[in-house]
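Novice: Pasting in a structure now, in structure tokens, and then I'll have a few things to ask.
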Amino acid sequence: MRRGRRGRVPRGGGPLAVAAALLVGLGALGLLLLWQRGPPDSEPGPNVGGAALPSLPPELAQRRLGRPVYEKPPLGAETELGELGRPARLELDEVEQRRQEESIRRHQINIYLSDRISLHRRLPERRNPQCREKKYDYYNLPKTSVIIAFYNEAWSTLLRTVHSVLETSPDILLEEVILVDDYSDKVHLKEALENYVADLRKVRLIRANKREGLVRARLLGASVAKGDVLTFLDCHCECHEEWLEPLLERIKEEPSAVVCPIIDVIDWNTFEYLGNAGEPQLGGFDWRLVFTWHVVPQREQIRRKSKTDVIRSPTMAGGLFAVNKNYFSYLGSYDTGMEVWGGENLEFSFRIWQCGGSLEIHPCSHVGHVFPKQAPYSRAKALANSVRAAEVWMDSYKELYYHRNPHARMEPYGDVTERRMLREKLKCKDFKWYLENIYPELHVPEDRPGYFGMLKNKGMANYCFDYNPPNEHDIAGLTVILYPCHGMGQNQFFEYTSNNEIRYNTRHPEVCAAVDQGTDYLKMYLCQDLVQNIPENQKFVFREDGTLVHVQTQKCVQAEHNAYNGNPAPVIRPCSNSEYQKWFFKERS
Ligand SMILES: [Mn+2]
């Protein structure tokens with residue numbers, strides 16, 4: 001028995017401790033024989049295998065089979081930094097404080113703190129209680145290779161990822177951990193890393209001989225993987241207890257399922273583990289092709305029979321998922337024309353669904369991920385990646401994307417002939433099918449000619465409707481202003497709909513202009529899905545003569561200088577023949 005395990009058992013006391021004592025008495029060899037008599041029932045009765053030996057209590061049998069590659073050291077003291085995912089803060093003098101800030105500046109993660117937190121720390125229980133009752137058929141689950149690509153990652157975050165995989169993944173299920181160095185130049189990732197991982201069971205380190213970017217680095221890992229399932233992780237993760245079993249079980253049951261864990265947030269500054277046991281959020285996207293989170297829709301809640309059933313998700317957040325190796329290759333793995341990172345997650349999501357697979361989140365699998373303060377290195381290629389996704393998978397819906405990102409049309413995105421041939425070969429469904437069946441919650445803009453783009457004023461030449469939401473998650477509530485037109489779409493993109501709304505729909509959720517009682521500004525509120533629910537104060541009539549009439553007040557939208565917080569803004573005024581009350585849409589400058 002391993003030290004760590006023995007250290008844990010007496011803590012609970014009671015029947016477990018008794019059973020443990022029994023096991024010690026049986027001796028390792030006897031146990032091995034007992035286990036090799038064939039796959040035990042999930043609840044072994046007194047006569048398992050016909051042996052006269054006393055049977056294992058089911059929980060204990062499960063736990064023994066699920067034994068990780070390495071046991072975690074005994075639980076650290078309550079006071080130990082970051083233990084059980086608690087937030088950690090250091091008392092620092094001025095010099096140390098400066099070092100900490102420097103580490104944040106460099107990595108966008110508090111590496112100074114990370115270096116002081118155990119590489120083996122435990123995490124708090126964050127699963128739905130029903131998940132803890134699940135039993136797994138360890139003998140018959142597929143084995144996986146865990147692939148972790150990295151580029152100039154800090155030592156402690158990278159190694160904490162590796163140790164956490166080894167200390168939470170059942171030995172019986174983990175084929176190997178493949179670390180792929182995407183041509184890092186940091187010295188700690190050279191010999192020191194090689195020496196360190198040489199002492200770890202099941203860990204292999206391979207290196208790209210030029211910078212490949214995340215996509216090709218991952219494929220390099222996949223090309224040498226021996227497991228039946230590929231499990232991709234990011235290089236600053238921490239795996240929750242029993243994260244792997246649910247993923248592998250689902251893939252065994254449905255080989256065309258690509259399964260993601262719930263991604264819990266690890267705070268970049270305190271390393272607090274912030275997951276919760278409630279219903280996870282699903283992946284979606286907005287029409288800029290930016291990934292979004294949203295709640296599990298009703299239809300999906302109804303389809304699921306239990307809290308432990310997988311949740312079908314229109315898209316995946318990023319790089320944490322497990323996939324059957326053969327199915328991954330059948331699907332065309334990754335688009336190798338994609339550089340660095342960004343956009344590849346949406347491309348893969350569209351492809352999975354359109355080509356007959358399913359993309360799912362397993363509510364019983366949790367993995368923590370340190371979301372950096374800001375993206376740590378360039379996403380300059382993300383635009384080209386998104387364009388590739390749009391060009392291959394979105395059919396004419398790609399126009400909705402281009403309308404909101406006019407500059408994307410100019411982006412050189414390389415050759416997508418092969419990817420289109422793949423789509424042909426696999427007889428993939430079209431994007432319309434995807435939208436209607438997989439992501440019906442996404443509002444599809446009408447984008448009628450002449451009614452979308454920059455909303456420009458005639459009198460105040462070259463000023464446009466402009467809206468800057470407080471942040472990505474909090475889009476409603478601010479006032480529309482006027483700002484010099486920039487022709488970049490984004491925050492100057494509006495659509496006038498056949499339901500008489502002025503929609504700001506580059507983002508999700510979409511917001512609509514409204515005029516509150518007693519005010520004369522245009523303020524943005526969440527749009528309604530159903531026509532009959534649109535409030536009167538959100539309705540405008542865009543007349544042929546260019547006037548924009550607010551229906552409820554029968555006043556006209558007028559451009560005024562110094563109208564809102566020192567900014568020019570559209571306001572409602574009694575209708576006149578003024579050029580300042582004339583508006584027109586322009587798609588691009
Ligand atoms: Mn990451």
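The values are calculated or read from the model by the stated rules, or taken from the named source; none is laboratory data. Bear in mind that the values here come from a model prediction, so they are computed numbers and not experimental data. Don't worry about glycine lacking a Cβ; one is built from the backbone with ideal geometry, like all the others, and counts go over all protein chains shown.
Novice: Residue by residue through the range 67-86, note down the ones that are modelled with pLDDT under 90 and either of a type in the set (Ser, Thr, Tyr) or touching a strand residue (DSSP E or B) at 6+ places or on another chain (Cβ under 9 Å) (or both).
Specialist: Scanning the range 67-86 gives a single hit, THR79.
Novice: Still on this structure, I have one more. Consider only pairs whose beta carbons are under 8 Å apart and that are at least six residues apart or on different chains; among these, list those whose first residue lies in the range 215-242 and is more than 29 Å from ASN269 (Cβ to Cβ) and whose second residue is among the basic types (Lys, Arg) and in a strand (DSSP E or B).
Specialist: These pairs meet every condition: VAL224/ARG204.
Novice: Let me ask you something else. Could you tell me which residue of the range 235-267 is surrounded by the most Cβ atoms within 10 Å (Cβ to Cβ), considering only residues that are acidic (Asp, Glu) and closer than 23 Å to GLU153 by Cα?
Specialist: Among those that are acidic (Asp, Glu) and closer than 23 Å to GLU153 by Cα, it is GLU238.
The rows are residues; the columns are (1) within 27 Å of ARG409 (Cβ to Cβ); (2) polar (S, T, N, Q).
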{"residue": "TYR496", "(1), (2)": "yes, no"}
{"residue": "THR519", "(1), (2)": "no, yes"}
{"residue": "LEU526", "(1), (2)": "no, no"}
{"residue": "GLN538", "(1), (2)": "no, yes"}
{"residue": "LYS586", "(1), (2)": "yes, no"}
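Novice: Okay, moving on. Based on what the data block shows, is VAL541 assigned by TED's automatic domain parsing to the domain that holds GLY518, surrounded by 15 or more Cβ atoms within 10 Å (Cβ to Cβ), hydrophobic (A, V, I, L, M, F, W, C) and within 18 Å of ARG503 (Cα to Cα)?
Specialist: Criteria not met by VAL541.
Novice: So, one more: Working only within the range 295-327, note down all residues that are more than 16 Å from the ligand (Cβ to nearest atom), among the aliphatic types (A, V, I, L, M) and not in a strand (DSSP E or B). If you could, list the steps in order and put the result at the bottom.
Specialist: Keep residues of the range 295-327 that are more than 16 Å from the ligand (Cβ to nearest atom), which gives 295-315, 322-327.
So of that shortlist, the ones also among the aliphatic types (A, V, I, L, M) come out as 295-296, 302, 310-311, 322-323.
Those that are more than 16 Å from the ligand (Cβ to nearest atom), among the aliphatic types (A, V, I, L, M) and not in a strand (DSSP E or B): VAL295, VAL296, ILE302, VAL310.
Novice: Here's something else I'd like to know. So which of PHE271, PHE232 ends up being surrounded by 17 or more Cβ atoms within 10 Å (Cβ to Cβ), in a loop (DSSP other than H, G, I, E, B), within 16 Å of the ligand (Cβ to nearest atom) and modelled with pLDDT of 95 or more?
Specialist: None of the others qualify; the one that does is PHE271.
Novice: Further question on the same structure: Looking at the range 446-458, which of its residues are touching a His at 6+ places or on another chain (Cβ under 8 Å) and assigned to a loop (DSSP other than H, G, I, E, B)?
Specialist: Result: ASP447, single match.
Novice: Take the conditions without any contact (Cβ under 8 Å) to a residue 40 or more places away in the chain, surrounded by 17 or more Cβ atoms within 10 Å (Cβ to Cβ) and touching a strand residue (DSSP E or B) at 6+ places or on another chain (Cβ under 6 Å) and apply them to TYR504. Does it pass?
Specialist: When the stated conditions are applied, TYR504 passes them.
Novice: While we're looking at this one, here's another question. Being closer than 30 Å to LYS305 by Cα, in the same structural domain as VAL265 (by TED's automatic domain parsing), polar (S, T, N, Q) and in contact (Cβ under 8 Å) with a residue 24 or more places away in the chain narrows it down to one residue among ASN209, ASN152, ASN140; which is it?
Specialist: After applying the criteria, what remains is ASN140.
Novice: Further question: How many residues are crowded, with 16+ Cβ neighbours inside 10 Å, more than 16 Å from the ligand (Cβ to nearest atom) and not aliphatic (A, V, I, L, M) if we restrict to the range 208-220?
Specialist: Counting residues in the range 208-220 that are crowded, with 16+ Cβ neighbours inside 10 Å, more than 16 Å from the ligand (Cβ to nearest atom) and not aliphatic (A, V, I, L, M) gives 2.
Novice: Moving on to the next point. Say whether the condition of being assigned by TED's automatic domain parsing to the domain that holds CYS237, at pLDDT below 95 and farther than 30 Å from ILE104 by Cβ is met by at least one residue in the range 336-352.
Specialist: Yes, because at least one residue in the range 336-352 is assigned by TED's automatic domain parsing to the domain that holds CYS237, at pLDDT below 95 and farther than 30 Å from ILE104 by Cβ.
Novice: Moving to a separate point now. If you go through the range 310-322 one residue at a time, do you hit one that is under 22 Å from ASN471 (Cβ atoms) and of a type outside the set (Gly, Ala, Ser)?
Specialist: Yes, the range 310-322 contains at least one residue that is under 22 Å from ASN471 (Cβ atoms) and of a type outside the set (Gly, Ala, Ser).
Novice: A further question follows. Taking the conditions exactly as written (outside any loop (DSSP other than H, G, I, E, B) and either within 16 Å of the ligand (Cβ to nearest atom) or in the same structural domain as GLU347 (by TED's automatic domain parsing) (or both)), does VAL265 satisfy them or not?
Specialist: For VAL265, the condition - outside any loop (DSSP other than H, G, I, E, B) and either within 16 Å of the ligand (Cβ to nearest atom) or in the same structural domain as GLU347 (by TED's automatic domain parsing) (or both) - is met.
Novice: Among the numbered criteria (1) polar (S, T, N, Q); (2) under 15 Å from the mean Cα position of the chain (by Cα); (3) not assigned by TED's automatic domain parsing to the domain that holds MET316, which single criterion is violated by SER365?
Specialist: (3)
Every residue, every condition in (1) within 16 Å of the ligand (Cβ to nearest atom); (2) surrounded by fewer than 19 Cβ atoms within 10 Å (Cβ to Cβ); (3) assigned to a loop (DSSP other than H, G, I, E, B), yes or no:
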position: MET338; (1), (2), (3): no, no, yes
position: LEU346; (1), (2), (3): no, no, no
position: SER365; (1), (2), (3): no, no, no
position: GLY368; (1), (2), (3): yes, no, no
position: ALA384; (1), (2), (3): no, no, no
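Novice: Somewhere in the range 173-190, is a residue polar (S, T, N, Q) and surrounded by 15 or more Cβ atoms within 10 Å (Cβ to Cβ)?
Specialist: Yes: one or more hits.
Novice: Let me ask another. Can you tell me which residues in the range 274-300 are among the charged types (D, E, K, R) and more than 17 Å from CYS364 (Cα to Cα)?
Specialist: Restricting attention to the range 274-300, the residues satisfying the condition of being among the charged types (D, E, K, R) are 279, 286, 288, 299-300.
Hits for the range 274-300 are ASP286, ARG288, ARG299.
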